[in-house]
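**Student:** Next up is a structure, given as structure tokens.
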Amino acid sequence: MATATKKTVKAKKQVRVAPDPYAPNPWFLVRNSKVHGKGCFARKDIPKGTRISEYVGDRVSWKEADARYEGYDVNDNHTFLFIVDRKTVIDGGVGGNDARYINHSCSENCESTVEKGRVFIDALKDIKKGEELGYDYQIGRDKNDPPNVDEIYACRCGAANCRGTMLWPAKRPKPRKKKKVAKKAAKKAAKKAAGKKVAKKAAKKVAKKAAKKAAKKKSAR
Ligand SMILES: [Zn+2]
């Protein structure tokens, strides 16, 4: 019977449940990494498809996230901001868990998934005990990036296919000629960016804001 078949399929479908995000993670532990600062290492073999952790933290608007990191050093490449959608960013730096320490890797063994506004880290393949977890941050480029942005987000993951940067695309794209096209592309990019890490935009906006402030002061005089 058709209904029975459907039920069977449904029952077989794997429901991924993330471990309690605020309890010590059962799959990995945090220690110093050769790649970058702290990293997350498998406590035991992790089967492919495992929902390793939820990426939690303060849920804020892009504007709030920008304001939060405004004063930060442009050359600091720690990024705990995670794009949920066009409105929301998760700041793992505030109220976040250990998932924020999972490093970028060009040869990822994990992937990030956005489900109903929540971000999860899943095992993309079988991971051996002791292996460092990593996923591709694919940090988006922005026209206000500082000139040394590739240096700031240089990747040292050591993978054979390392592209040398946490940014995506790997090379700075050529400027587009038509405004309309650029706008469309930006919209598309925002959609694509969901579930990716984001560079501290704040730093890029500091100069702009400072100029605005200066102008205000001038007119007040
Ligand atoms: Zn790399």
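**Student:** Could you check, for the range 69-76, whether at least one of its residues is among the charged types (D, E, K, R), away from the ligand (no atom under 16 Å from the Cβ) and at pLDDT 95 or above?
**Tutor:** No, because not a single residue in the range 69-76 is among the charged types (D, E, K, R), away from the ligand (no atom under 16 Å from the Cβ) and at pLDDT 95 or above.
**Student:** When residues of the range 79-112 are filtered for being surrounded by fewer than 16 Cβ atoms within 10 Å (Cβ to Cβ) and under 23 Å from residue 24 (Cα atoms), how many remain?
**Tutor:** 3
**Student:** Scanning for something surrounded by 15 or more Cβ atoms within 10 Å (Cβ to Cβ) and among the charged types (D, E, K, R), does the range 147-155 turn up at least one residue?
**Tutor:** There is at least one residue in the range 147-155 that is surrounded by 15 or more Cβ atoms within 10 Å (Cβ to Cβ) and among the charged types (D, E, K, R).
**Student:** Name the residue that is farthest from residue 118 (Cα to Cα), counting only residues in the range 23-37 that are open to solvent by 30 Å² or more (accessible area, probe 1.4 Å) and modelled with pLDDT of 95 or more.
**Tutor:** Here the residue is 32.
**Student:** Do we have residue 52 as buried (at least 18 other Cβ atoms within 10 Å of the Cβ), under 19 Å from residue 167 (Cβ atoms) and in contact (Cβ under 8 Å) with a residue 60 or more places away in the chain here?
**Tutor:** Criteria not met by residue 52.
**Student:** Now for a different question. How many residues are in a loop (DSSP other than H, G, I, E, B), over 17 Å from residue 53 (Cα atoms) and within 12 Å of the ligand (Cβ to nearest atom) when one looks only at the range 125-170?
**Tutor:** Result for the range 125-170: 14.
The values are calculated or read from the model by the stated rules, or taken from the named source; none is laboratory data. Keep in mind that this is a model prediction, so the values were computed, not measured. FYI the Cβ positions are ideal-geometry reconstructions off the backbone, even for glycines, and counts take in every protein chain you see. The protein model used for the area step is the full one, side chains on, heavy atoms only, and it has no ligands, DNA or RNA in it. Shrake-Rupley method; radii C 1.70, N 1.55, O 1.52, S 1.80 Å.
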